[in-house]
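The values are calculated or read from the model by the stated rules, or taken from the named source; none is laboratory data. Just so we're clear, the structure is a prediction, and the values are computed from it rather than from any experiment. Here the Cβ is made from the backbone with ideal geometry for all residues, glycine too, and neighbour counts use every protein chain on show.
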Amino acid sequence: MKRAAAFSLLEVLIALLIVAIVSFAVSTTILASSKSNANNRTRSRAVAAANAWLDRFRSYSLPFGYFSSGVDYDYGYDYASDPVITASNDPNLAEVAQEWSKYKFYVKTTSISNNPAIWRIEVVAYYKKKGGGEGHFQLVTVR
């Protein structure tokens with residue numbers, strides 16, 4: 001009598017173990033990539049918000065002297081009720097306030113020259129990372 005060709009129990013268990021190890025490695029990589037992508041999206045939005053600060057200085061809609069000692073804006077800050085921000089007459093203040101409230105900022109201006117008026121503008125932005133922790137970066141320009 002001929003024996004039918006089939007896999008033994010040991011061969012099936014080894015194959016399942018290999019599939020499980022490969023699946024675990026792939027899923028771990030996908031999860032890490034997903035977390036990294038989410039953090040990169042958050043950082044990109046924070047960069048855009050920090051650039052919006054610099055744009056307001058470039059358009060002279062914010063008073064440079066007000067920020068000369070440095071001003072901190074914490075997460076959730078209500079920009080729509082801040083007299084300095086509302087005085088900038090931004091037509092999209094509600095949208096800006098909603099976007100900026102997701103981040104923490106430190107804004108400082110330093111006078112470099114009076115004639116002509118040249119200012120160094122520094123914006124440090126902080127953002128919350130997915131999975132905990134906080135990231136930050138600094139943007140500096142001269143106007």
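Given the criteria assigned to a loop (DSSP other than H, G, I, E, B), in contact with a helix residue (DSSP H, G or I) (Cβ under 9 Å, 6 or more places away or on another chain) and surrounded by fewer than 16 Cβ atoms within 10 Å (Cβ to Cβ), does SER61 qualify?
The answer is yes for SER61.
Go through the range 121-140 and give me each residue that's over 30 Å from SER33 (Cβ atoms) and surrounded by fewer than 15 Cβ atoms within 10 Å (Cβ to Cβ).
VAL140
Restricting the search to the range 111-143, which residues are at pLDDT below 95, of a type in the set (D, E, K, R) and either assigned to a strand (DSSP E or B) or more than 13 Å from the chain's Cα centre (by Cα) (or both)?
ARG143
Quick check: anything in the range 68-75 out of contact with any His (no Cβ under 9 Å at 6 or more places or on another chain), in a helix (DSSP H, G or I) and on the phi < 0 side of the Ramachandran plot?
Checked the range 68-75: no residue is out of contact with any His (no Cβ under 9 Å at 6 or more places or on another chain), in a helix (DSSP H, G or I) and on the phi < 0 side of the Ramachandran plot.
Filtering the range 80-107 down to residues that are hydrophobic (A, V, I, L, M, F, W, C) and not in a helix (DSSP H, G or I), which residue is farthest from PRO63 (Cα to Cα)?
PHE105
Assigned to a helix (DSSP H, G or I) and over 21 Å from THR141 (Cα atoms): which single residue out of ARG45, ARG56, ARG41 fits that description?
Step by step, each of ARG45, ARG56, ARG41 is checked, and only ARG41 is assigned to a helix (DSSP H, G or I) and over 21 Å from THR141 (Cα atoms).
Right, ILE30: surrounded by 15 or more Cβ atoms within 10 Å (Cβ to Cβ) and among the β-branched types (Val, Ile, Thr) or not?
The answer is no for ILE30.
Name the pairs whose Cβ atoms lie under 9 Å apart, with the first residue in the range 72-87 and under 13 Å from GLN98 (Cα atoms), the second loosely packed, with under 14 Cβ neighbours inside 10 Å and not hydrophobic (A, V, I, L, M, F, W, C), and 6 or more positions between them or separate chains?
TYR79/THR86; TYR79/GLN98; ALA80/THR86; ALA80/GLN98
To keep it simple, each residue is scored yes or no on (1) under 19 Å from the mean Cα position of the chain (by Cα); (2) farther than 28 Å from ILE118 by Cα; (3) modelled with pLDDT of 95 or more; (4) among the basic types (Lys, Arg).
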residue	(1), (2), (3), (4)
LEU13	no, yes, no, no
ILE30	no, yes, no, no
ARG56	no, no, no, yes
SER69	no, no, yes, no
ASP82	no, no, no, no
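Check whether at least one residue in the range 3-17 is of a type in the set (Val, Ile, Thr) and in a helix (DSSP H, G or I), and report yes or no.
Looking for residues that are of a type in the set (Val, Ile, Thr) and in a helix (DSSP H, G or I), one finds at least one in the range 3-17, hence yes.
Checking the conditions here, which among VAL107, VAL96 is closer than 14 Å to THR141 by Cα and either of a type in the set (Val, Ile, Thr) or at pLDDT 95 or above (or both)?
Testing whether each residue is closer than 14 Å to THR141 by Cα and either of a type in the set (Val, Ile, Thr) or at pLDDT 95 or above (or both) leaves just VAL107.
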